[in-house]
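Shown next, in C-alpha coordinates, is the structure this report addresses.
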Amino acid sequence: AQTVTQSQPEMSVQEAETVTLSCTYDTSESNYYLFWYKQPPSRQMILVIRQEAYKQQNATENRFSVNFQKAAKSFSLKISDSQLGDTAMYFCAFIGGETSGSRLTFGEGTQLTVNP
Amino acid sequence: DAGVTQSPTHLIKTRGQQVTLRCSPKSGHDTVSWYQQALGQGPQFIFQYYEEEERQRGNFPDRFSGHQFPNYSSELNVNALLLGDSALYLCASSQRQAGNEKLFFGSGTQLSVL
(Lines give C-alpha, C1' and ligand atoms only; values in the text may rest on other atoms or scores of the structure.)
Protein backbone atom coordinates (compact mmCIF):
# COMPACT_ATOMS: atom_id res chain seq x y z
CA ALA A 1 0.00 0.00 0.00
CA GLN A 2 1.10 3.51 -0.73
CA THR A 3 1.55 6.06 2.03
CA VAL A 4 2.22 9.78 1.92
CA THR A 5 3.57 11.61 4.95
CA GLN A 6 3.69 15.35 5.57
CA SER A 7 5.51 15.97 8.82
CA GLN A 8 4.77 19.70 9.10
CA PRO A 9 1.17 20.32 10.21
CA GLU A 10 1.66 24.11 10.11
CA MET A 11 4.14 26.53 8.63
CA SER A 12 4.34 30.28 8.29
CA VAL A 13 6.39 32.59 6.10
CA GLN A 14 6.72 36.29 5.54
CA GLU A 15 5.45 37.76 2.32
CA ALA A 16 8.09 37.73 -0.46
CA GLU A 17 10.19 35.09 1.29
CA THR A 18 10.75 31.45 0.32
CA VAL A 19 9.29 28.44 2.08
CA THR A 20 9.71 24.69 1.59
CA LEU A 21 7.07 22.10 2.45
CA SER A 22 8.18 18.52 3.00
CA CYS A 23 6.66 15.25 1.83
CA THR A 24 7.82 11.67 1.89
CA TYR A 25 6.10 8.68 0.38
CA ASP A 26 6.39 4.94 0.31
CA THR A 27 5.69 2.72 -2.66
CA SER A 28 7.02 -0.35 -4.38
CA GLU A 29 5.94 0.86 -7.78
CA SER A 30 8.38 2.18 -10.35
CA ASN A 31 5.95 4.25 -12.40
CA TYR A 32 3.94 6.87 -10.56
CA TYR A 33 3.06 10.53 -10.32
CA LEU A 34 3.39 12.96 -7.45
CA PHE A 35 1.38 16.10 -6.91
CA TRP A 36 1.04 19.13 -4.72
CA TYR A 37 -2.49 20.41 -4.31
CA LYS A 38 -3.54 23.67 -2.70
CA GLN A 39 -6.83 23.93 -0.79
CA PRO A 40 -7.77 27.48 0.20
CA PRO A 41 -10.64 28.24 2.62
CA SER A 42 -13.07 27.78 -0.28
CA ARG A 43 -12.01 24.10 -0.09
CA GLN A 44 -11.58 23.86 -3.86
CA MET A 45 -8.72 21.44 -4.54
CA ILE A 46 -6.32 23.18 -6.91
CA LEU A 47 -3.40 21.45 -8.62
CA VAL A 48 -0.17 23.33 -7.98
CA ILE A 49 2.43 21.12 -9.61
CA ARG A 50 2.91 17.57 -10.91
CA GLN A 51 5.99 15.36 -11.17
CA GLU A 52 6.33 12.18 -13.21
CA ALA A 53 8.56 9.67 -11.46
CA TYR A 54 10.44 8.66 -14.60
CA LYS A 55 11.55 12.25 -15.21
CA GLN A 56 14.72 13.20 -13.40
CA GLN A 57 14.21 16.91 -13.98
CA ASN A 58 12.36 18.66 -11.19
CA ALA A 59 9.06 20.23 -12.20
CA THR A 60 8.58 23.99 -11.98
CA GLU A 61 5.50 26.19 -12.34
CA ASN A 62 6.29 29.88 -12.04
CA ARG A 63 7.03 30.48 -8.32
CA PHE A 64 6.52 26.83 -7.43
CA SER A 65 9.16 24.15 -7.81
CA VAL A 66 9.79 20.71 -6.42
CA ASN A 67 12.82 18.81 -5.19
CA PHE A 68 12.16 15.21 -6.22
CA GLN A 69 14.54 12.69 -4.69
CA LYS A 70 13.36 9.33 -5.99
CA ALA A 71 15.81 7.15 -4.08
CA ALA A 72 14.95 8.89 -0.83
CA LYS A 73 11.23 8.93 -1.73
CA SER A 74 11.10 12.61 -0.97
CA PHE A 75 9.06 15.27 -2.77
CA SER A 76 9.30 18.78 -1.32
CA LEU A 77 7.60 21.93 -2.59
CA LYS A 78 9.40 25.25 -2.69
CA ILE A 79 7.36 28.43 -2.94
CA SER A 80 9.40 31.50 -3.90
CA ASP A 81 8.34 35.10 -3.42
CA SER A 82 5.44 34.02 -1.20
CA GLN A 83 2.20 35.93 -1.64
CA LEU A 84 -0.75 36.42 0.71
CA GLY A 85 -2.85 34.39 -1.71
CA ASP A 86 -0.62 31.39 -1.12
CA THR A 87 -2.18 30.99 2.33
CA ALA A 88 -3.89 27.61 2.17
CA MET A 89 -3.70 23.95 3.13
CA TYR A 90 -1.20 22.13 0.93
CA PHE A 91 -1.53 18.42 0.25
CA CYS A 92 1.08 16.13 -1.19
CA ALA A 93 -0.46 13.29 -3.18
CA PHE A 94 0.58 10.14 -5.02
CA ILE A 95 -0.98 8.20 -7.85
CA GLY A 96 0.57 4.92 -8.81
CA GLY A 97 0.66 2.48 -11.62
CA GLU A 98 -1.03 -0.84 -12.00
CA THR A 99 -1.33 -1.91 -8.37
CA SER A 100 -2.93 1.25 -7.05
CA GLY A 101 -4.78 2.11 -10.23
CA SER A 102 -5.80 5.70 -10.51
CA ARG A 103 -6.65 6.47 -6.92
CA LEU A 104 -4.94 9.43 -5.32
CA THR A 105 -3.37 8.90 -1.91
CA PHE A 106 -3.07 12.16 0.03
CA GLY A 107 -0.90 13.22 2.92
CA GLU A 108 -2.33 14.84 6.04
CA GLY A 109 -1.66 18.33 4.78
CA THR A 110 0.40 21.35 5.79
CA GLN A 111 -1.36 24.59 6.68
CA LEU A 112 0.71 27.43 5.23
CA THR A 113 0.16 30.98 6.41
CA VAL A 114 1.79 33.88 4.58
CA ASN A 115 2.15 36.90 6.84
CA PRO A 116 2.23 40.49 5.56
CA ASP B 1 -16.00 24.78 -20.78
CA ALA B 2 -17.61 23.85 -17.47
CA GLY B 3 -15.38 22.08 -15.03
CA VAL B 4 -16.49 19.47 -12.55
CA THR B 5 -19.77 20.47 -10.95
CA GLN B 6 -21.19 19.04 -7.75
CA SER B 7 -24.56 19.44 -6.10
CA PRO B 8 -25.73 20.33 -3.62
CA THR B 9 -23.10 22.60 -2.11
CA HIS B 10 -24.21 22.00 1.45
CA LEU B 11 -26.47 19.41 3.01
CA ILE B 12 -27.71 18.76 6.52
CA LYS B 13 -29.08 15.35 7.48
CA THR B 14 -29.83 13.47 10.67
CA ARG B 15 -28.46 10.14 11.79
CA GLY B 16 -30.00 7.16 10.05
CA GLN B 17 -31.08 9.09 6.98
CA GLN B 18 -29.93 8.49 3.45
CA VAL B 19 -28.24 11.03 1.18
CA THR B 20 -27.45 11.34 -2.54
CA LEU B 21 -24.70 13.57 -3.86
CA ARG B 22 -24.29 14.35 -7.53
CA CYS B 23 -21.35 15.06 -9.81
CA SER B 24 -21.05 16.10 -13.45
CA PRO B 25 -17.59 15.53 -14.86
CA LYS B 26 -15.58 17.95 -16.95
CA SER B 27 -16.52 17.86 -20.61
CA GLY B 28 -14.74 14.99 -22.36
CA HIS B 29 -14.05 13.07 -19.16
CA ASP B 30 -15.35 9.53 -18.72
CA THR B 31 -14.09 8.55 -15.27
CA VAL B 32 -15.40 9.81 -11.94
CA SER B 33 -13.81 9.31 -8.53
CA TRP B 34 -15.23 10.21 -5.13
CA TYR B 35 -13.26 11.27 -2.07
CA GLN B 36 -14.24 11.94 1.54
CA GLN B 37 -12.41 14.69 3.38
CA ALA B 38 -12.97 14.94 7.12
CA LEU B 39 -12.16 18.25 8.77
CA GLY B 40 -8.40 18.76 9.13
CA GLN B 41 -7.50 15.66 7.13
CA GLY B 42 -6.52 14.75 3.62
CA PRO B 43 -9.12 13.33 1.24
CA GLN B 44 -9.70 9.57 1.34
CA PHE B 45 -10.59 7.62 -1.81
CA ILE B 46 -14.08 6.11 -1.75
CA PHE B 47 -14.50 4.61 -5.21
CA GLN B 48 -14.14 5.18 -8.93
CA TYR B 49 -16.57 4.68 -11.79
CA TYR B 50 -15.83 4.06 -15.43
CA GLU B 51 -18.18 2.73 -18.11
CA GLU B 52 -20.98 2.75 -15.54
CA GLU B 53 -19.20 0.24 -13.31
CA GLU B 54 -17.35 0.56 -10.03
CA ARG B 55 -13.73 -0.12 -10.92
CA GLN B 56 -11.93 0.52 -7.68
CA ARG B 57 -12.99 0.90 -4.10
CA GLY B 58 -11.32 2.28 -1.01
CA ASN B 59 -11.80 1.17 2.56
CA PHE B 60 -15.41 2.27 2.97
CA PRO B 61 -18.40 0.19 4.14
CA ASP B 62 -21.20 -0.95 1.88
CA ARG B 63 -23.32 1.95 3.16
CA PHE B 64 -21.43 3.93 0.55
CA SER B 65 -22.60 3.14 -2.95
CA GLY B 66 -22.54 4.86 -6.28
CA HIS B 67 -23.72 4.96 -9.80
CA GLN B 68 -22.53 6.31 -13.11
CA PHE B 69 -24.93 7.25 -15.87
CA PRO B 70 -24.47 6.97 -19.64
CA ASN B 71 -23.64 10.68 -19.79
CA TYR B 72 -20.74 9.98 -17.35
CA SER B 73 -22.32 11.88 -14.46
CA SER B 74 -22.26 10.12 -11.13
CA GLU B 75 -24.05 9.83 -7.82
CA LEU B 76 -22.75 8.93 -4.40
CA ASN B 77 -25.28 7.42 -2.00
CA VAL B 78 -24.76 6.99 1.70
CA ASN B 79 -27.28 4.99 3.73
CA ALA B 80 -27.86 4.89 7.48
CA LEU B 81 -25.88 8.07 8.06
CA LEU B 82 -23.57 8.26 11.06
CA LEU B 83 -22.20 11.35 12.75
CA GLY B 84 -18.79 10.34 11.43
CA ASP B 85 -19.99 10.69 7.86
CA SER B 86 -19.90 14.46 8.29
CA ALA B 87 -17.28 15.61 5.80
CA LEU B 88 -16.59 17.34 2.53
CA TYR B 89 -17.26 15.00 -0.36
CA LEU B 90 -15.14 15.71 -3.41
CA CYS B 91 -15.72 14.47 -6.91
CA ALA B 92 -12.86 14.26 -9.39
CA SER B 93 -13.05 13.48 -13.08
CA SER B 94 -10.50 12.30 -15.60
CA GLN B 95 -10.22 10.81 -19.04
CA ARG B 96 -8.98 7.24 -18.99
CA GLN B 97 -7.22 7.39 -22.35
CA ALA B 98 -5.47 10.64 -21.51
CA GLY B 99 -4.25 9.27 -18.24
CA ASN B 100 -6.14 9.13 -15.00
CA GLU B 101 -3.46 11.14 -13.29
CA LYS B 102 -4.90 14.26 -14.93
CA LEU B 103 -7.62 14.77 -12.34
CA PHE B 104 -9.92 17.75 -12.02
CA PHE B 105 -11.78 18.33 -8.77
CA GLY B 106 -15.16 19.84 -8.09
CA SER B 107 -15.81 22.27 -5.24
CA GLY B 108 -17.31 19.57 -3.09
CA THR B 109 -20.47 18.94 -1.11
CA GLN B 110 -20.29 19.69 2.60
CA LEU B 111 -22.38 17.09 4.43
CA SER B 112 -23.30 17.65 8.06
CA VAL B 113 -24.92 14.80 9.97
CA LEU B 114 -26.71 15.84 13.19
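Each label point was placed 7 Å from the Cα along the Cα-to-Cβ direction; for B:LEU11 and A:ASP81 their separation is 4.3 nm.
Can you give the local net charge around A:GLY109? Use residues other than it whose beta-carbon is closer than 13 angstrom to its beta-carbon, Lys and Arg +1, Asp and Glu -1. Numbers along the way, then the final one.
Working: positive: A:LYS38, A:ARG43; negative: A:GLU10, A:GLU108.
Computed value for this residue: 0.
The phi-based Karplus calculation (6.51 cos²θ - 1.76 cosθ + 1.60; θ = phi - 60°) puts the 3J(HN,Hα) values of the range B:42-47 at x, x, 10, 5, 9, 6 Hz, whole numbers, x for Gly and Pro. The mean number of partner chain beta-carbon atoms within 10 angstrom of a residue's beta-carbon across peptide B:39-48 is 5. Across the range B:5-113, C-alpha contacts under 8 Å between residues 6 or more apart give a mean separation that, scaled by the residue count, equals a relative contact order of 36 percent. Cα gyration tensor of the protein assembly as shown, axes a ≥ b ≥ c as square roots of the eigenvalues: rounded (a/c below 1.5), prolate (a/b > b/c) or oblate? Since a/c reaches 1.5 and a/b is larger than b/c, the shape of the protein assembly as shown is classed as prolate. How large is the dipole of the protein assembly as shown about the Cα centre if only Lys and Arg carry +1 and Asp and Glu carry -1, each at its Cβ, rounded to the nearest 20 debye? In debye, rounded to 20, the protein assembly as shown gives about 140.
Here the Gaussian network model covers chain A, with springs between Cα atoms less than 10 Å apart; of A:ALA71, A:ALA88, A:ALA59, A:ALA71 fluctuates the most.
What size of dipole, in debye to the nearest 20, comes out for the range A:3-115 about its Cα centre when the only charges are +1 on Lys and Arg C-beta atoms and -1 on Asp and Glu C-beta atoms?
200
Quick one: dipole size for chain B, taken about the Cα centre, charges +1 on Lys/Arg Cβ and -1 on Asp/Glu Cβ, in debye to the nearest 20.
The calculated dipole for chain B is roughly 300 debye.
Between A:ASP26 and B:SER65, what FRET efficiency follows from the Cβ-Cβ distance if R0 is 35 Å, with the result rounded to 0.05? My answer for the efficiency is 0.70.
Seen from A:GLN83, the other residues with C-beta closer than 13 Å to its C-beta sum to a net charge of -2, counting Lys and Arg as +1 and Asp and Glu as -1. Structural descriptor for chain A: relative contact order 37 percent, calculated from alpha carbon pairs under 8 angstrom and at least 6 residues apart. A Förster distance of 35 Å, applied to the separation of the beta-carbon atoms of B:LYS102 and A:GLU15, puts the FRET efficiency at 0.60.
By the rule of a C-alpha distance below 30 Å, with chain neighbours fewer than 8 residues away ignored, the lysines paired with A:LYS78 are A:LYS38, A:LYS55, A:LYS70, B:LYS26, B:LYS102.
Loop-only trypsin sites (Lys or Arg not before Pro) in the range B:1-101, please: DSSP not H, G, I, E or B, and at most 14 other Cβ atoms within 10 Å. Answer in residue order: B:ARG15, B:ARG63.
Once both labels are positioned 7 Å from their Cα atoms along Cα-to-Cβ, the gap between B:ASN77 and A:GLN111 label points is 3.7 nm.
Each chain gives up part of its surface: B and A jointly bury about 1700 Å² of accessible area, both sides summed, for a 1.4 Å probe.
Taking the average, over residues, of other Cβ atoms within 10 Å as the packing measure, peptides A:29-38, B:29-38 rank B:29-38, A:29-38 from highest down.
The values are calculated or read from the model by the stated rules, or taken from the named source; none is laboratory data. Quantities reported herein were computed from a predicted structural model and do not represent experimental measurements. Note: ideal-geometry Cβ built from the backbone for every residue, glycine included; neighbour counts use all protein chains shown. Heads up: the accessible areas ignore ligands, DNA and RNA and are worked out on the full protein's heavy atoms, side chains in. Shrake-Rupley method; radii C 1.70, N 1.55, O 1.52, S 1.80 Å.
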